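Chemist: Please read through the structure below; I'll follow up with questions.
The values are calculated or read from the model by the stated rules, or taken from the named source; none is laboratory data. Since the structure is predicted, the reported quantities are computational estimates derived from the model, not experimental observations. All Cβ positions, even for glycine, are placed from backbone atoms using ideal geometry, and neighbour counts span all protein chains on display. Surface accessibility is based on the protein's heavy atoms, side chains included, excluding ligands, DNA and RNA. Shrake-Rupley method; radii C 1.70, N 1.55, O 1.52, S 1.80 Å.
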Amino acid sequence: MTSLAQRLVDAERRYVERNPESQRLHELRARYLPGGNTRSVIHMQPFPLTIVRGEGASLTDADGHEYVDFLGEYTAGLYGHSHPVIVRAIRDALDDGLAFGAPNRYEATLAEAVCERFPSVELIRFCNSGTEANLLALSLARVVTGKPAIMVFTGAYHGSVFSFVAADGSAINAPFPFVVADYNDAEGAARLIAEQAHDLAAVIVEPLQGSGGVIPGEAGFLGALRDATAEHDVVLVFDEVMTSRLSTGGLQRVFSVTPDLTTFGKYVGGGLAFGAFGGRAELMRRFDPSRPGALPHAGTFNNAVLTMAAGAAGLTYVYTAAEVDRLNALGDRLRDRLNAFAEANDLTFVATGYGSMVGLHFARGPVRRTSDLPEASELRALLHLYLLEHGYSYARRGFVALCLPLGEVEVDGFATAVEAFLDDL
Ligand SMILES: Cc1ncc(COP(=O)(O)O)c(C=O)c1O
């Protein structure tokens with residue numbers, strides 16, 4: 001029996017042999033970018049593939065291999081790589097020019113589309129990333145409550161400077177006073193909110209933790225956060241940067257919990273750089289520049305023409321209620337099949353998530369928080385290299401986000417490949 005470590009050495013050797021051009025380009029990047037990287041999450045050992053082309057749900061790397069895209073750009077690539085409606089919207093907007101230093105004719109359409117879908121979002125403002133959206137939402141909460149602290153949850157990821165995925169957070173987190181509670185522990189969180197109420201400006205939560213392992217929040221937990229924050233004058237922020245895709249009104253609609261503020265990002269900008277935060281009019285009106293003492297919120301590209309046009313077209317014409325349901329059903333199909341396989345074969349493997357977001361883990365369920373997930377780094381790396389070798393891309397940490405060009409054939413092919421790997425193991 002070959003050891004896992006030996007298998008990994010062999011798989012990495014094959015990967016290096018198969019991808020000389022990606023390796024060359026990685027080394028070229030490393031001359032000017034630390035470790036050849038300008039976005040930590042897309043680094044992998046021994047080096048990441050350089051992708052040179054995407055079409056539909058298909059990716060081509062620098063060495064000419066093709067992959068079916070099950071990463072979906074960490075949810076931002078919902079529309080796939082060449083959706084004709086999105087491409088057309090970008091081309092049409094481009095014809096009229098790029099950057100005007102003025103309002104343009106697309107931003108109202110995108111604002112209306114988001115507010116229509118999310119009744120809790122009465123007013124909205126755009127920015128350039130989910131990180132920025134969270135920074136602004138939390139800063140607004142600190143201003144309106146006059147209190148400094150922010151409650152987050154173990155395993156949470158709210159952006160580059162708001163990462164709590166590792167147990168001790170990130171050394172470059174924003175210098176806010178954070179209170180960290182356990183995810184899906186309703187009683188513990190409610191107790192902490194009551195105890196810290198005098199200091200606490202906001203509670204921010206992903207209704208399903210994406211980067212932390214694609215772990216759904218529980219209805220009782222999210223409901224308890226709503227009750228406790230309402231009772232103690234604390235702003236409840238739902239970070240739906242990833243999860244807004246999971247129904248026509250995000251997970252807040254699924255759980256029937258109404259936050260004070262919601263943050264967005266990813267696919268809502270049509271696949272271009274995007275962020276947004278919005279919520280109760282009474283809070284968001286603080287940014288109305290025609291009012292005395294208005295809060296400033298600047299940003300050169302907040303209403304970037306191409307993003308506004310692509311985002312508006314996507315929500316208006318492409319990601320309809322029927323498509324939301326179809327994509328979620330594909331995710332359910334994948335999750336159900338893999339879990340049935342793991343159960344039938346008594347394997348330490350589980351597929352987590354909700355709808356079109358799926359987590360693959362070498363664990364036994366139920367998975368309620370990141371501490372339920374063993375690191376299993378060798379197994380994760382082996383599965384990742386195996387799936388790449390068989391033409392499927394996703395994130396090594398076990399993260400899958402389906403995109404619209406996928407269908408049952410691709411999903412079944414992916415499931416068959418995972419099952420073959422598990423069988424072999
Ligand atoms: C839940 C959540 N919030 C915020 C962010 C940050 O978004 P961005 O990468 O656009 O800054 C992410 C990114 O993955 C996310 O998953």
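Chemist: Direction-averaged shadow area of the convex hull around the Cα atoms of segment 220-349, nm²?
Modeler: That works out to 11.4 nm².
Chemist: According to the square roots a ≥ b ≥ c of the eigenvalues of the Cα gyration tensor, what is the shape class of segment 143-299, taking rounded for a/c under 1.5, prolate for a/b larger than b/c otherwise, and oblate for the remainder?
Modeler: Taking the square roots of the gyration eigenvalues as a ≥ b ≥ c, segment 143-299 is rounded.
Chemist: For an R0 of 30 angstrom, estimate the FRET efficiency from the Cβ-Cβ distance between residue 45 and residue 371 and round to the nearest 0.05.
Modeler: Approximately 0.75, to the nearest 0.05.
Chemist: Considering the Cα trace of segment 323-425, what is its radius of gyration and what is Dmax, both in angstroms?
Modeler: Expressed in Å, the Cα Rg and Dmax of segment 323-425 come to 12.8, 36.
Chemist: Here's another thing I want to ask about it. Put +1 on the Cβ of every Lys and Arg and -1 on every Asp and Glu Cβ in the chain; which of 236, 399, 34 then has its Cα farthest towards the positive end of the dipole?
Modeler: About the Cα centre, the residue reaching furthest to the positive side is 34.
Chemist: When the chain is fully extended, how far beyond the present Cα-Cα distance does residue 95 get from residue 409, taking 0.36 nm per residue of separation?
Modeler: 109.3 nm
Chemist: Tell me the per residue accessible area of the chain using a 1.4 Å probe; a whole number in Å² is fine.
Modeler: 43
Chemist: How large is log10 of I(q)/I(0) for segment 108-225 at q = 0.16, 0.22 Å⁻¹ when the intensity is taken from the Debye formula with one equal scatterer per alpha-carbon?
Modeler: For the requested q values the scattering log ratios are -0.84, -1.41.
Chemist: Between 404, 94, 110, which gets the highest mean-square fluctuation from a Gaussian network model of the chain, Cα cutoff 10 Å?
Modeler: Among 404, 94, 110, the largest GNM mean-square fluctuation belongs to 94.
Chemist: Assuming a viscosity of 1.002 mPa s and a temperature of 20 °C, what translational diffusion coefficient in µm² per second does Stokes-Einstein assign to the chain, Rh being the Kirkwood radius over Cα pairs? Show your work: numbers first, answer last.
Modeler: Details: Rh = 22.4 Å.
Taking Rh from Cα pairs, D becomes 96 µm²/s.
Chemist: Could I ask something else about it? Rounded to the nearest 0.05, what FRET efficiency do residue 82 and residue 31 give with R0 = 35 Å and r taken as the Cβ-Cβ distance? Could you check?
Modeler: Numbers: r = 31 Å, r/R0 = 0.90.
Between residue 82 and residue 31 the formula returns 0.65.
Chemist: Note the full-extension length gain between residue 298 and residue 256 as 0.36 nm times their separation in residues minus their Cα-Cα distance, in nm to one decimal.
Modeler: That works out to 11.9 nm of additional length.
Chemist: Further question on the same structure: Leaving ligands, DNA and RNA out of it, report the carbon-plus-sulfur percent of the accessible area of the chain at a 1.4 Å probe.
Modeler: Working: 9630 of 18140 Å².
For the chain, the apolar C and S fraction of the accessible surface comes to 53 percent.
Chemist: Here is a further query. Running a GNM on the chain with Cα contacts under 10 Å, which residue among 203, 114, 165 ends up with the highest mean-square fluctuation?
Modeler: Top of the fluctuation ranking is 165.
Chemist: Between residue 288 and residue 2, what length comes free when the chain is fully extended (0.36 nm per residue of separation minus the Cα-Cα distance, one decimal in nm)?
Modeler: Extra length available between residue 288 and residue 2 comes to 96.5 nm.
Chemist: Counting each DSSP H run of 4 or more residues in the chain as -39500 (n - 2.57), what helix-only mean residue ellipticity at 222 nm follows after dividing by all residues, to the nearest 500 deg cm²/dmol?
Modeler: Details: 13 runs with 161 residues, N = 425.
Calculated from helices alone, the mean residue ellipticity at 222 nm is -12000 deg cm²/dmol.
Chemist: Pick from 302, 19, 128: which residue has the top mean-square fluctuation in a GNM of the chain where Cα pairs under 10 Å get a spring?
Modeler: Greatest mean-square fluctuation among the candidates belongs to 19.
Chemist: If I model segment 295-363 as equal point scatterers sitting on the Cα atoms and use the Debye formula, what is log10 I(q)/I(0) at q = 0.12, 0.14, 0.15, 0.22 Å⁻¹?
Modeler: -0.55, -0.64, -0.67, -0.89
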